[in-house]
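*Asks:* This structure is in structure tokens; I'll ask about it shortly.
The values are calculated or read from the model by the stated rules, or taken from the named source; none is laboratory data. Just so we're clear, the structure is a prediction, and the values are computed from it rather than from any experiment. Cβ atoms come from the backbone with ideal geometry, glycine included; neighbour counts cover every protein chain shown.
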């Protein structure tokens, strides 16, 4: 315990804080700062935070910058001595000597900037130090759709540069020149538009003046309230602070104290919000009459739906009806959707978009560990020594987590990337194992082979906590490693070195994405990934584990809530009589469906075979996002009745018999569960657009209409019901979620869990499985005619089908999908960057613009699927993961032809 | 080399006596014996010897060298570095360059000893690219030392390996500051960062790093060979050994001198320097380079050491010493140094970046004859703000030339702002060329050379200069054969 005297008051403190940190903790915000920011490393450039320091009582005093000077035992700090008050004012005057005179106070009808507030606090509005030479005539840079600069107002605090370096890790902003004439530049002195800027807005949030600002002038807009909520775009689960005035969103910032995303979001989270009141929004229920969708009242729509569903149920049985829930919706809504299907309709035909993304993760991790969820937390990155990223491009698809991984790699932690594409992380990785798409199994077996052959194992862990190791060892030592080398196209020595680095790291942590799951052998790959963590003892403590980067904001939650045909809410098997009894009791019903339901691809097959007659799709554009679009079209056309809940007209909603206009996440409350099992509050930011209803409210309405008494949609009430049904939600209540949420399992007393499996697995011992490499039938059947492998992925600026992001200025940042092709292939095919090319598979064809790059190897093509103009899923096939049927988006046999 | 009287050569002992491109000549003068001796001792014993010698950093900071080594030694790490700061940047100072060009092996030998003591196997010399000859000689010396097994693996057959590489600086003054120097070596902006962490804990690439200046290193082998007691017997109580100064300005003998600590300024300027040129009157001496201060007549008998110079309002710095006479305007001198500081400020912290520019502008206003007494208040106030609040040593010392000249020559400042006169006659804007009608014979020569036609008058009649047109170029003054034009 150390002692410090702040303005003659005695306090005790511990650890190694700076003077500023101690003073803030003990005495509050009594030291003004400007270059300092809590989310950035101390910089010590503005010197405004200077204080008088004596090392002993009545000792000589020295002026020190409090932001970077460590507090030491017995120090006497004087925060407002006459001298330091004078010094601060003088510094502020110096800053004003090179700052526009008309910007010292807030602009008309705007809030003051942080710097303007500082001036007010210091009582300085004018400078005595008149400058002969100033920099207040800089040209503005306003061409970027979101981020703008007026560097005349720059006070050289370098917060923007540091935010770009320390938070985002892009190094776009730099300081050019030296001394008095130094200035902030973008890249090599270009503009935001021409630079490699990823529009995360961290610089905007960091800037204390109006020097870097955004389209919405988010920080100086007057507001009625700031609503804390959670981003709807990906599974990272970024917290957002939304400014609202007169029922309109004025701008979004990231809370500085958010555990998930302190001061950081990506372009989507911070800026892509204008979809919410876009004129395209559906605002009335529609019923298809004579082939045309016409507006009707909610009552008419509900009656029509209830009638139709009851009739189909009567005629064909409840299993002729299928439901697809949405990982974009809240836990409460997903819970209601599956409850509606099971307790009201009476079928287990309920599935969700996890089917097309992370179902193999849930399945594979359940098989290996007993729990199908991330074992650790993202903050564990600070405690790890080695990061393995396989089949994931987090700097685009999970940007905030991607940046955190990049930051750690730049700090010298070992980074291993296994990916067919040279991703941003692969560029800085210590080991990039650039395998041929579809060969994850072979590569991970090589990895495991070297762990075992070179005895890089945690024998203790293997012995005490796993079963199946000896069988695995016997099998793996028999494999032909040279054959694997040929299949994967990755140098076996490189794999050996990477395996050694992983095993010797101390703490090693793996992250995987859809490049693992969306394969013929997706579930198996997940199990092999679990193996290598178990072999090296990297389970059950900080900085280790197997961590799926969940795709959608609530894909974890949707599965937790029972949006799966084989398991109900809380992952309880629907074919177990005990469980059936449990659910009957909880739902207060007499009968419950007993056999496992259909998965999404099975529902489509059923629709084509006429065994499925009706479907209800909540918030998913299956026509654009599911594979083999023509097959999906045939299925939806084969249905007698299709209900779609949506924000916007989509290719799918156009085919519906009934369209129900839903409210967006800004317009409702509930909870999302992010990829690290963190249940977070979604708060209502604005009222629903007139004519729309929250998806949950729609479910409640229809349940009541069909005779099931379900209480109205409220997060608080529903969470109580969920906590009663889902065991690992036992202690979750709306109140105790707080601002940073809770990570499940949450025990009855409200305690949450950061790390899973620390003592034992849910299933006792960790299960080690062996699988040999199997070529996907997609290639076996088609590669002769279609010699290229197309692998699909995501870009930073758009979210999946782009329904939302294409209705925001993001469309001006990234305007189209394109096809990456290796220069050698491009040369052979006579293709240049910018050419429109024809892309053909066994299912169909499309036209797309080419982009020649060595980020893909020869024989491999890569594209996104954000734009309906391209509709890349016309090409993708019917092969799915052997265990879960998750489509193989990552390996499609295609050919490419020059000339559109 | 100026006159040898009162000088002792330790750091410069070999300069001029050996062929710097021949390692044998260095060895013939006891070269690398100190390294051999050190390797027979424990690192602790060597550090103890350096500590006992009382050697302090010659780059200007004056931090005890032995203590610095010990701090780096105590930090546990797999990789450590020792660095030689050869980023000599003070205008007029060239002692480091002379050592590097004249005796490169002494630096290599000392760095190896440093590596042995601190536990570093790698040495880096950060040298400015403007020193091509020094770079060339260092390269030759490193090559020869490697060839002789004095650098590389198992030096002297002991379990000690050490090698040295060069790193080039682009000549930014601030890169002499050790954290800025380290950043520059890492390929980053040459900007200081906050301390702690000190380089001894986290320096080059995050590894513990010991940075010493060239002249400091040059003392090391001698201390080990002749003993700390011998070294400590030279100098004052708290400043031991000798110091090399670059004597320049208005003295008769200019050049490098090496004198024991404790020698007075009077001895340096009048005995070694041979007094003021042209029999003019001594006015001031700037020590410590642009970060130092101006000392006057009253300081001439103070023994020069780290502490006395600071107490007098100046500093040791790297050993620049510029002597001024009665013709020097102290406001202009301060402005000259500020011009340098403004140019060399990295721009990171606000007081240095903005404050020095404003200081310069105020000084400029004063030398233009447009200053007021309020400007003098601003100068002093601002100078203290910069001194108290700047991030690194450059900023903290940059107002010294202003503050010390104001302290010692306030009347001269007052003359500029109150009477709009420059007593030394240096500030052109404050001068008037005037024709003495009694002496003017009306030869018209002045009117003919005046580039702006400011001079008028009939032939054989006294001429007049129109002050509103005159640009004070002095052409008339130069040309007048009758001494009729004078400066007021």
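*Asks:* Within region A:280-303, can one find any residue that is out of contact with any strand residue (DSSP E or B) (no Cβ under 8 Å at 6 or more places or on another chain), closer than 25 Å to residue A:807 by Cα, surrounded by 24 or more Cβ atoms within 10 Å (Cβ to Cβ) and touching a residue at least 60 places away in the same chain (Cβ under 8 Å)?
*Replies:* no
Residue by residue, here is whether (1) touching a helix residue (DSSP H, G or I) at 6+ places or on another chain (Cβ under 8 Å); (2) on the phi < 0 side of the Ramachandran plot; (3) outside any helix (DSSP H, G or I); (4) surrounded by fewer than 18 Cβ atoms within 10 Å (Cβ to Cβ) holds:
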site: A:748; (1), (2), (3), (4): no, yes, yes, yes
site: A:772; (1), (2), (3), (4): yes, yes, yes, yes
site: A:786; (1), (2), (3), (4): no, yes, yes, no
site: A:792; (1), (2), (3), (4): yes, yes, yes, no
site: A:800; (1), (2), (3), (4): yes, no, yes, no
site: A:827; (1), (2), (3), (4): no, yes, no, yes
site: A:843; (1), (2), (3), (4): yes, yes, yes, no
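*Asks:* Taking the stated definitions as given, is residue B:44 within 18 Å of residue B:209 (Cα to Cα) and assigned to a loop (DSSP other than H, G, I, E, B)?
*Replies:* No: the conditions fail for residue B:44.
*Asks:* Can you name every residue in region A:1-19 that is within 21 Å of residue B:196 (Cα to Cα), free of Cβ contacts under 8 Å to residues at least 60 places away in the same chain and not in a loop (DSSP other than H, G, I, E, B)?
*Replies:* Once the filter is applied, which keeps residues that are within 21 Å of residue B:196 (Cα to Cα), free of Cβ contacts under 8 Å to residues at least 60 places away in the same chain and not in a loop (DSSP other than H, G, I, E, B), region A:1-19 yields A:13, A:18, A:19.
*Asks:* Which numbered condition in (1) touching a strand residue (DSSP E or B) at 6+ places or on another chain (Cβ under 9 Å); (2) surrounded by fewer than 18 Cβ atoms within 10 Å (Cβ to Cβ); (3) over 25 Å from residue A:221 (Cα atoms) is the only one that residue A:82 fails?
*Replies:* (1)
*Asks:* Kindly indicate whether any position in region B:238-256 is part of a helix (DSSP H, G or I) and crowded, with 24+ Cβ neighbours inside 10 Å.
*Replies:* No, every residue in region B:238-256 fails to be part of a helix (DSSP H, G or I) and crowded, with 24+ Cβ neighbours inside 10 Å.
*Asks:* Do we have residue A:137 as surrounded by fewer than 20 Cβ atoms within 10 Å (Cβ to Cβ), at pLDDT below 95 and away from chain B (no Cβ under 12 Å) here?
*Replies:* So residue A:137 passes the test.
*Asks:* Further question: Identify, from the list A:523, A:533, the residue that is in contact with a strand residue (DSSP E or B) (Cβ under 7 Å, 6 or more places away or on another chain) and under 26 Å from residue A:776 (Cβ atoms).
*Replies:* None of the others qualify; the one that does is A:533.
Yes/no matrix, rows are residues, columns are (1) surrounded by 24 or more Cβ atoms within 10 Å (Cβ to Cβ); (2) more than 16 Å from residue A:516 (Cα to Cα); (3) modelled with pLDDT of 95 or more:
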position	(1), (2), (3)
A:857	no, yes, yes
A:861	yes, yes, yes
A:873	yes, yes, no
A:889	yes, no, no
A:900	no, yes, no
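*Asks:* Please enumerate the residues belonging to region B:189-217 that are within 13 Å of chain A (Cβ to nearest Cβ) and either within 25 Å of residue B:290 (Cα to Cα) or surrounded by 24 or more Cβ atoms within 10 Å (Cβ to Cβ) (or both).
*Replies:* Correct list: B:189, B:190, B:191, B:192, B:193, B:194, B:195, B:198.
*Asks:* Also: Condition first: in a strand (DSSP E or B) and within 14 Å of chain B (Cβ to nearest Cβ). Now tell me which residues in region A:169-211 satisfy that.
*Replies:* A:173, A:174, A:175, A:176, A:183, A:184, A:185, listed by residue number.
*Asks:* In the list A:65, A:71, A:54, which residue meets the criterion of being touching a strand residue (DSSP E or B) at 6+ places or on another chain (Cβ under 6 Å), at the interface with chain B (Cβ under 8 Å from one of its Cβ atoms) and either farther than 22 Å from residue B:381 by Cβ or crowded, with 23+ Cβ neighbours inside 10 Å (or both)?
*Replies:* Answer to the check: A:65.
Table: residues versus (1) farther than 18 Å from residue A:155 by Cα; (2) surrounded by fewer than 24 Cβ atoms within 10 Å (Cβ to Cβ); (3) in contact with a helix residue (DSSP H, G or I) (Cβ under 9 Å, 6 or more places away or on another chain).
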position	(1), (2), (3)
B:359	yes, no, yes
B:380	yes, yes, yes
B:384	yes, yes, yes
B:391	no, no, yes
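*Asks:* Further question: Please work out if residue A:815 is buried (at least 19 other Cβ atoms within 10 Å of the Cβ) and modelled with pLDDT under 95.
*Replies:* So residue A:815 fails the test.
*Asks:* Does any residue of region B:356-375 turn out to be under 19 Å from the mean Cα position of the chain (by Cα), modelled with pLDDT of 95 or more and within 11 Å of another protein chain (Cβ to nearest Cβ)?
*Replies:* yes
*Asks:* OK, next. Going through region A:217-273 one residue at a time, which ones are in a strand (DSSP E or B) and more than 24 Å from residue A:813 (Cα to Cα)?
*Replies:* Across region A:217-273, the qualifying residues are A:225, A:226, A:227, A:228, A:229, A:244, A:245.
*Asks:* Just to be sure, is residue A:33 more than 12 Å from chain B (Cβ to nearest Cβ), surrounded by 20 or more Cβ atoms within 10 Å (Cβ to Cβ) and out of contact with any strand residue (DSSP E or B) (no Cβ under 9 Å at 6 or more places or on another chain)?
*Replies:* Here the answer is yes, as residue A:33 does meet what is asked.
*Asks:* Would you mention how many residues in region B:171-213 are part of a helix (DSSP H, G or I) and out of contact with any helix residue (DSSP H, G or I) (no Cβ under 9 Å at 6 or more places or on another chain)?
*Replies:* Number satisfying all stated conditions: 3.
*Asks:* Scan A:87, A:94 and give me the residue that is modelled with pLDDT of 95 or more and farther than 14 Å from residue B:358 by Cβ.
*Replies:* Sole residue among the options that is modelled with pLDDT of 95 or more and farther than 14 Å from residue B:358 by Cβ: A:87.
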